[in-house]
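Have a look at the structure below before the remarks.
The values are calculated or read from the model by the stated rules, or taken from the named source; none is laboratory data. All values derive from a computational prediction rather than experimental measurement. Backbone-built Cβ (ideal geometry, glycine too); neighbour counts: all protein chains shown. Ligands, DNA and RNA are stripped out before the accessible areas are found, and what is left, the full protein with its side chains, is counted by its heavy atoms. Shrake-Rupley method; radii C 1.70, N 1.55, O 1.52, S 1.80 Å.
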Amino acid sequence: MLTASHVRGRLAPSPTGHLHLGNAWAFLLCWLAVRKADGTVILRMEDIDPDRSKTEFATDIITDLHWLGLDWDEGPDCGGDNAPYTQSEKLDRYAEVIAQLSERGLTYPCYCTRKELRSLASAPHKGEFGPAYPGTCLHLSASRKAELEAAGRRPSLRLHADSPDLSFHDRLCGDQHQTWEECGGDFPLRRSDGVISYQLAVAVDDIDQNVTLVMRGDDILHCTPRQVYLYKLLNARRPDYAHVPLVLDAEGERLAKRHKHFELRALREMGISAKAIIGYLGYRAGLLPEPKLAQAQELLTHFSLEKLPKQAIQLENDIEEILKKLSEKENKL
Ligand code: GLU
Ligand code: ZN
């Protein structure tokens, strides 16, 4: 039975690479928060960008999550009432929402090229997204549009808004207030090559899948106001947000695709066990007094949002050694 307070949270990997320790950290924390609340865990494959997504990665991600000991109740592999759970299977649905927004007069085609947009670097508002889009194409005449089309320009489709209220509360980062300009201004719902934007796909999916808790890395915090606005436009109740601090390498760089040696499969090949990784991350999350072998399930009793660190966590220089030593204990058990 779904009650008003039933928590539904999602793990939303992009199959553009293999999972690394940073992904494991964010997914573990989200999983713990949802399971602690006796909620429903959803796995969603965010393969909206066809240039970067690969089905092999999607398969490997599922393998790695299972290996870590995280489970889910709805997902691409097991189905559920809110399928599909793979974005590339929802293109019609996204198109339908974009059509609705367009019928309401909220969108407009933008013919600006990347180069033109880059040259806006001197625009006044410089947020995470760079300069705000100045609305160049907001009032193009029909004849100008026809001219640009004739010249072979394919437009993206932007969402227009006039200083909407984007404020929201984050359960870990506190109250957030950003202006539309700070968030980059009118943003594309669809790229000029037809690819649906991440913002639109995520908001639609969270609505369709009745997601009540969005817990993810705080590198996405700056995207949230746009998603909050889409929720509002689509008349949906917004989820609770909790953006978790990131994992940094020993040099202070945030983990990225190039950190191949921090991929779960690389660690596994080194003989490192899932329990060592979970126990280490549980320790860094403030849930265990020291790193020890643990299963995700065992961290549940200790879990609370209040315990989580407020700042990014930095991996030790010899993190592989730490994890290996821990793993060796398992073999001796
Ligand atoms: N797919 C996104 C990522 O892997 C996460 C999006 C989200 O959680 O909303 O970075
Ligand atoms: Zn434009």
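Quick one: would you say residue 261 is open to solvent by 50 Å² or more (accessible area, probe 1.4 Å) and either within 16 Å of ligand 2 (Cβ to nearest atom) or in a helix (DSSP H, G or I) (or both)?
Numbers: open to solvent by 50 Å² or more (accessible area, probe 1.4 Å): yes; either within 16 Å of ligand 2 (Cβ to nearest atom) or in a helix (DSSP H, G or I) (or both): yes.
Yes; evaluated as a whole, the condition is true for this residue.
If we scan the range 235-249, do we find a residue that is part of a loop (DSSP other than H, G, I, E, B), within 21 Å of the chain's Cα centre (by Cα), away from ligand 1 (no atom under 16 Å from the Cβ) and within 30 Å of residue 161 (Cα to Cα)? Before you say what the answer is, go through the steps one by one.
Step one: of the range 235-249, the residues part of a loop (DSSP other than H, G, I, E, B) are 235-239, 245-246, 249.
Checking the rest, the ones that are also within 21 Å of the chain's Cα centre (by Cα) come to 236-239, 245-246, 249.
Imposing the further condition that a residue be away from ligand 1 (no atom under 16 Å from the Cβ) reduces the set to 237, 249.
The next check asks that each one be within 30 Å of residue 161 (Cα to Cα); those that pass are 237.
So far as the range 235-249 goes, yes, one or more of its residues are part of a loop (DSSP other than H, G, I, E, B), within 21 Å of the chain's Cα centre (by Cα), away from ligand 1 (no atom under 16 Å from the Cβ) and within 30 Å of residue 161 (Cα to Cα).
Limited to the range 188-221, what total is found for residues that are within 16 Å of ligand 2 (Cβ to nearest atom) and among the aliphatic types (A, V, I, L, M)?
Here is the first cut: in the range 188-221, the residues within 16 Å of ligand 2 (Cβ to nearest atom) are 188-193, 197.
If we keep only those that are among the aliphatic types (A, V, I, L, M) too, we end up with 189.
Looking only at that region, the number is 1.
Looking for something farther than 30 Å from residue 58 by Cβ, at pLDDT 95 or above and away from ligand 1 (no atom under 16 Å from the Cβ) - is there at least one such residue anywhere in the range 116-135? Quick ask: steps written out before the conclusion?
Filtering the range 116-135 for residues farther than 30 Å from residue 58 by Cβ gives 116-127, 130-135.
In the following step, the residues that additionally are at pLDDT 95 or above were identified as none.
No, the conditions are met nowhere in the range 116-135.
Within the set of pairs 6+ apart or on separate chains, which have a first residue in the range 128-150 that is closer than 11 Å to residue 112 by Cα, a second that is open to solvent by 60 Å² or more (accessible area, probe 1.4 Å), and C-beta atoms under 8 Å apart?
Here the result reads 136/116, each pair linking the range 128-150 to a residue that is open to solvent by 60 Å² or more (accessible area, probe 1.4 Å).
Got a sec? Which helices (runs of 4 or more DSSP H) wholly within the range 1-105 have at least 2 residues that are among the β-branched types (Val, Ile, Thr)? Steps first, answer last, please.
On the way: elements: 21-36, 55-68, 91-103.
The qualifying helices (runs of 4 or more DSSP H) are 55-68, 91-103.
For the structure I just gave you, tell me whether residue 42 is over 19 Å from residue 94 (Cα atoms), within 12 Å of ligand 1 (Cβ to nearest atom) and either β-branched (Val, Ile, Thr) or open to solvent by less than 20 Å² (accessible area, probe 1.4 Å) (or both). Give the derivation first.
Details: over 19 Å from residue 94 (Cα atoms): yes; within 12 Å of ligand 1 (Cβ to nearest atom): yes; either β-branched (Val, Ile, Thr) or open to solvent by less than 20 Å² (accessible area, probe 1.4 Å) (or both): yes.
When the stated conditions are applied, residue 42 passes them.
All but one of (1) open to solvent by 30 Å² or more (accessible area, probe 1.4 Å); (2) within 16 Å of ligand 2 (Cβ to nearest atom); (3) assigned to a strand (DSSP E or B) hold for residue 169, so report the exception by its number.
Going through (1) open to solvent by 30 Å² or more (accessible area, probe 1.4 Å); (2) within 16 Å of ligand 2 (Cβ to nearest atom); (3) assigned to a strand (DSSP E or B) one by one, residue 169 breaks only (2).
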